[in-house]
Amino acid sequence: MLIDFSIQNYASIKDEMTLSAETGERLSRLKAANTIVENGISLLKSLVIIGPNGSGKSNLIDGLHLMRSMVLNNPTRITDQLHYRPFALAEESQDDTINFRIKFNYAAGTYEYSFSFRQDKIVTEALKLVKKTTVETYFARHEQTYSVLPHALKPIADTTKQNSLLLYNAQQANDQHAIAVMRWFQNELIFVDDTQIPDQLVNLMKRPDIKSEFLRFLRFADFNITDVTVREIPTPTFPDELKKILDVISPNAAIPTSSQQLSAVHKKFNQTGDVIGTQEIPLSLESRGTQKVFLIALSIINAQLNGNGKTLLFDEFDDSLHFELSKALIQIFNSKQNKNQFILTTHELQLLDANLRTDQIYLMDKDFQGRSDLKSIFDFKDPKEKRPDIRYMKRYIEGRFGALPQIQVSEMLSALKASETEVK
C-alpha cells in the first residue's frame, strides 16, 4: 500500500506537499478498524481529501497519475517531450523541475522512488530500499551522471536516454527491484475512473458467485436491481478509408468487431402495480449515481479477488452519490474486513463527521497567489481542534481549518445584474 506521496511544482502545487497514509503518533482512536499494519508500518485504510472547487484536489491525484504514467511508459525517441506542467503563477517556477517522490510497500519490501524532470529530460532519479533501521540507495542519478549504481545496471544506464527513466530500462533487463516497483505501479496503484467500466471489471459478472455477491451488495445499498447481464454488442463497421489509415499507423492492430455491454435488470410493472416481467437497461442509460456505485463495488470486489493490499484512488468520490451511501461506503473502507486502501477527494462536508480519525482527514486550500496547500487535521497544534468528540464539519464551516471558499453572493448577483443591463 501507499505510505506517502510528495509532489512539488505541478499545476497549482508550487511548494512541496506530502500526502501521508502513516498513522499519527500516539493516536489510538479507531485503530482496530481504520488502520492496518503492513511490513511493520501502521497505515491508514482510507484518506479523505476535502476542499472547495479549484483548490487543487484533482491536481494532487493527477500528479500521482502522471507519475504512474511516466513509470509505465517509456518515450520512444530522444525528441519526445515530457508532460511538463509547472506552477504557472510564479516566474521562478517556470524553469524549475517537477518533483515526485513516493514510498510504498510491495510484497515484503518497502521502496522509496523519486524523480524530477523538465520538458526535455529527467533531471534526478533515485530508488531506495527502506529497511527497518536503515535506508539503502540502490541507484541515484543527476541527469546522465550516476552517483550510486549497481555494477549490473551500468550497461543499462549507458543506454538510457536523457528523457527516459532508468527504472523502466532496468526492469526490462530483469532487475528484481525495478520489477517490484513497476509491478506496484501497474497492479497495486489503481485509479478508479468513472468514465467507463473496464472489461476486467465487466468480466467479473460472468462468474455466478461474484455476481451473487455483487447483487447482494446492491440490494443492501437500496438499489432495486434484480440482476445484471453482460452481452456482446457488435461494433459499427469501420469505413474503408479509416481502416487504411489504421493499417498505416499500426499494421498489426486488430479492429474490434464487438464490445461488452453491462446492463441492469429491473422489475417491469403493469398499470395496477403488478410485476409482469423484467426489463434490461444498459448501464450507460442508468443514472450517474448507479453507474458510479457499479464501478466502486466492482473495484472493491476486484481488489479482494486479486490479493488485497491495493491502493484505490477516487477523484470527486461523492459526485452523484447520496450522502448516506457515501458515508456507508467509507464505513466499508474502514471496516475490519477491508484489507485495501482508499484515497478520496470530495466536496461533501458531512463526510468530515463520518467516524474518521484526525489523521485520515486532509484539507486542501488555495491562497491568494494561487498556490494549493494541503494539511491534515492531525497536524493542527491546538489539541481542542483534534478532540474526537468535536464535530469537524461545524468547525470547517466556521473557518477554523481554512479551506473554505470565500463566496460573496450579493456581489455575484450584482455581476449578473450588470450583465443583464448590458444586454438590454
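The values are calculated or read from the model by the stated rules, or taken from the named source; none is laboratory data. Everything numeric here is computed off the predicted structure, so don't read it as measured data. Virtual Cβ from ideal backbone geometry, glycine too; neighbours counted across all protein chains shown. Areas reflect the complete protein model, heavy atoms only, side chains present, ligands, DNA and RNA absent. Shrake-Rupley method; radii C 1.70, N 1.55, O 1.52, S 1.80 Å.
Among the residues of region 258-291, those identified as surrounded by 14 or more Cβ atoms within 10 Å (Cβ to Cβ) and of a type in the set (S, T, N, Q) are Gln260, Gln261, Ser263, Thr290, Gln291. Residue check: Asp389 meets all listed conditions (1) of a type in the set (Asp, Glu); (2) outside any loop (DSSP other than H, G, I, E, B); (3) open to solvent by 60 Å² or more (accessible area, probe 1.4 Å); (4) modelled with pLDDT under 85 but one, namely (2). Note on region 300-337: residues that are surrounded by 20 or more Cβ atoms within 10 Å (Cβ to Cβ), in a loop (DSSP other than H, G, I, E, B) and hydroxyl-bearing (Ser, Thr, Tyr) amount to 0.
Going residue by residue through region 131-152, is there one that turns out to be under 26 Å from the mean Cα position of the chain (by Cα) and open to solvent by 20 Å² or more (accessible area, probe 1.4 Å)? Scanning region 131-152, I find no residue that is under 26 Å from the mean Cα position of the chain (by Cα) and open to solvent by 20 Å² or more (accessible area, probe 1.4 Å), so the answer is no. Exactly one residue among Ser69, Ser6, Ser58 is touching an Asp or Glu at 6+ places or on another chain (Cβ under 8 Å), assigned to a helix (DSSP H, G or I) and of a type in the set (S, T, N, Q), and that residue is Ser58.
For region 290-305, a residue qualifies if it is under 18 Å from Arg207 (Cβ atoms), in contact with a helix residue (DSSP H, G or I) (Cβ under 7 Å, 6 or more places away or on another chain) and among the hydrophobic types (A, V, I, L, M, F, W, C), and the qualifying residues are Phe294, Ala297, Leu298, Ile301.
The numbered conditions (1) surrounded by 19 or more Cβ atoms within 10 Å (Cβ to Cβ); (2) touching a helix residue (DSSP H, G or I) at 6+ places or on another chain (Cβ under 7 Å) are all true for Leu72 except (1).
Leu344 - would you say it is at negative phi and not in a helix (DSSP H, G or I)?
yes
Taking region 49-97 as the range and being farther than 26 Å from Thr346 by Cβ, in contact with a Pro (Cβ under 9 Å, 6 or more places away or on another chain) and touching a residue at least 12 places away in the same chain (Cβ under 8 Å) as the test, the residues that pass are Gln81, Leu82, Ser93, Asp95, Asp96, Thr97. Taking each residue of region 302-315 that is under 17 Å from Glu213 (Cα atoms) and looking for partners that are modelled with pLDDT of 95 or more and in a strand (DSSP E or B) with beta-carbon atoms closer than 8 Å, six or more apart or interchain, yields Ala303/Ile190; Ala303/Leu312. Per the conditions (1) assigned to a helix (DSSP H, G or I); (2) touching a strand residue (DSSP E or B) at 6+ places or on another chain (Cβ under 8 Å); (3) open to solvent by 10 Å² or more (accessible area, probe 1.4 Å), the sole criterion not satisfied by Phe294 is (3). Screening the candidates Asp222, Asp193 for the property of being farther than 30 Å from Pro75 by Cα, modelled with pLDDT under 90 and surrounded by fewer than 17 Cβ atoms within 10 Å (Cβ to Cβ) yields one hit, Asp222. Which of the residues that make up region 36-58 are within 29 Å of Gln369 (Cα to Cα) and open to solvent by less than 30 Å² (accessible area, probe 1.4 Å)? Once the filter is applied, which keeps residues that are within 29 Å of Gln369 (Cα to Cα) and open to solvent by less than 30 Å² (accessible area, probe 1.4 Å), region 36-58 yields Leu47, Val48, Ile49, Ile50, Gly51, Pro52, Ser55, Gly56, Lys57. What about Glu22, is it surrounded by fewer than 16 Cβ atoms within 10 Å (Cβ to Cβ), touching a strand residue (DSSP E or B) at 6+ places or on another chain (Cβ under 7 Å) and not β-branched (Val, Ile, Thr)? When the stated conditions are applied, Glu22 passes them. May I ask you to list the residues in region 25-48 that are of a type outside the set (Val, Ile, Thr), touching a residue at least 24 places away in the same chain (Cβ under 8 Å) and outside any helix (DSSP H, G or I)? Leu27, Arg29, Leu30, Glu38, Asn39, Gly40, Leu43, Leu44, Lys45, Ser46, Leu47 - these are the residues of region 25-48 that are of a type outside the set (Val, Ile, Thr), touching a residue at least 24 places away in the same chain (Cβ under 8 Å) and outside any helix (DSSP H, G or I).
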